[in-house]
């Protein structure tokens, strides 16, 4: 029934009243001539009925020939709506824009929800490679089974993944792999020195301590022995901290060129749909020889619903190169900090610089040349297998 009513609305129809026809002769004639009509309601002197717009001409001809008086009470349907809409072009444009906008918004991914794992960023990066991220077009997304297989290939630390695409939302459920319990090493070994230094502290978890505090050791010196006094060999383990020396050669320029803002800027406003920015305001091209650009993105939303649209404000600032002279005292302090970072880059985690000395420095051709001597407290132990093992005879 709803289909017929929709069909009638699309074709258009009128509701009309017939006067002075107590015998309903006009109604009978229209039925006989197969005029499509419905919803007939009668009263004492009149009756009303609905007639399709394509059959209206025939109904009017019959009424004129039979000399009956007609009055149109209502006009309904798409043809009449279009006539009224032409008089309200702004409303028609707004309705069309709403329909197109609604279709466009339903073609994007609005939300991606990841659960079951703490590595949200890693999973989000893998999904982005598969065109699954807020603002991506839905037609670019693979089938759910293909997405699951691709994620299993990209993320080796997961054992199962479920992907559900529901409307404009994508739900991803992750079950990570359970790492097997780490097996404790039990093969015999020594802990030996990796670099030369003076022993500061020795902490042996297993094995026999072979060095004393303040003793100078060279690479390969046994620090913690895996061979006990009874001849049994064990897996030596522990931490040996020693003072190690590093020599760093530096060359630092005394003049630095920095960017400085002049205060002039130009602003551009973009509407970003997916990954495509559309410039809406600020069409002037920056006349600056040197510039620096910053962008601020704000996701658009309607109440709590975030849309796959972003408003981007991009500001182009004019900059100029400014040369500043660095005093030698500040340059040497900067050199010490740089030497510290270089030493920490070469040493194990947990190392600490305890003393620094500038052995020599000189100014030449606008540069400061420095030689820095650093004392570092670090773990110098490394494991070394034992070539032969003695067993205790019971």
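The values are calculated or read from the model by the stated rules, or taken from the named source; none is laboratory data. Note that the coordinates shown come from a computational prediction; the quantities given were computed from them, not determined experimentally. Don't worry about glycine lacking a Cβ; one is built from the backbone with ideal geometry, like all the others, and counts go over all protein chains shown.
Of all residues in the stretch 190-197, none are free of Cβ contacts under 8 Å to residues at least 60 places away in the same chain, in a strand (DSSP E or B) and not assigned by TED's automatic domain parsing to the domain that holds residue 374.
Among the criteria (1) within 38 Å of the chain's Cα centre (by Cα); (2) in a strand (DSSP E or B), the one residue 337 does not fulfil is (2).
Here is a check on your reading of the model: is residue 286 outside any strand (DSSP E or B) and not assigned by TED's automatic domain parsing to the domain that holds residue 369? Considered against the rule, which asks whether it is outside any strand (DSSP E or B) and not assigned by TED's automatic domain parsing to the domain that holds residue 369, residue 286 comes out as yes. Condition first: at pLDDT 85 or above, in contact with a helix residue (DSSP H, G or I) (Cβ under 9 Å, 6 or more places away or on another chain) and over 21 Å from residue 67 (Cα atoms). Can you find one or more residues in the stretch 13-24 that meet it? Among the residues of the stretch 13-24, at least one is at pLDDT 85 or above, in contact with a helix residue (DSSP H, G or I) (Cβ under 9 Å, 6 or more places away or on another chain) and over 21 Å from residue 67 (Cα atoms), which makes the answer yes.
You will find that of 347, 315, the residue that is surrounded by 10 or more Cβ atoms within 10 Å (Cβ to Cβ), at pLDDT 90 or above, farther than 30 Å from residue 188 by Cβ and touching a strand residue (DSSP E or B) at 6+ places or on another chain (Cβ under 6 Å) is 315 and no other.
Scanning the stretch 152-184 for residues that are out of contact with any strand residue (DSSP E or B) (no Cβ under 8 Å at 6 or more places or on another chain), part of a loop (DSSP other than H, G, I, E, B) and modelled with pLDDT of 80 or more yields a single hit, 156. Here the strands (runs of 3 or more DSSP E) wholly within the stretch 31-94 that include at least 1 residues being at pLDDT 80 or above and surrounded by fewer than 15 Cβ atoms within 10 Å (Cβ to Cβ) are 37-42, 69-76.
Touching a strand residue (DSSP E or B) at 6+ places or on another chain (Cβ under 8 Å), surrounded by 14 or more Cβ atoms within 10 Å (Cβ to Cβ) and assigned to a strand (DSSP E or B): is that true of residue 279 in this structure? No: the conditions fail for residue 279. Only one entry of 214, 231, 263 meets the criterion of being assigned to a strand (DSSP E or B) and either in contact with a helix residue (DSSP H, G or I) (Cβ under 9 Å, 6 or more places away or on another chain) or over 30 Å from residue 133 (Cα atoms) (or both), and that entry is 263. Residues that are part of a helix (DSSP H, G or I) and modelled with pLDDT of 80 or more within the stretch 115-144 comprise 120, 121, 122, 123, 124, 125, 126, 127, 128, 129, listed in sequence order. Kindly evaluate residue 241 against the criterion of being under 30 Å from residue 352 (Cα atoms) and assigned to a loop (DSSP other than H, G, I, E, B). No: the conditions fail for residue 241.
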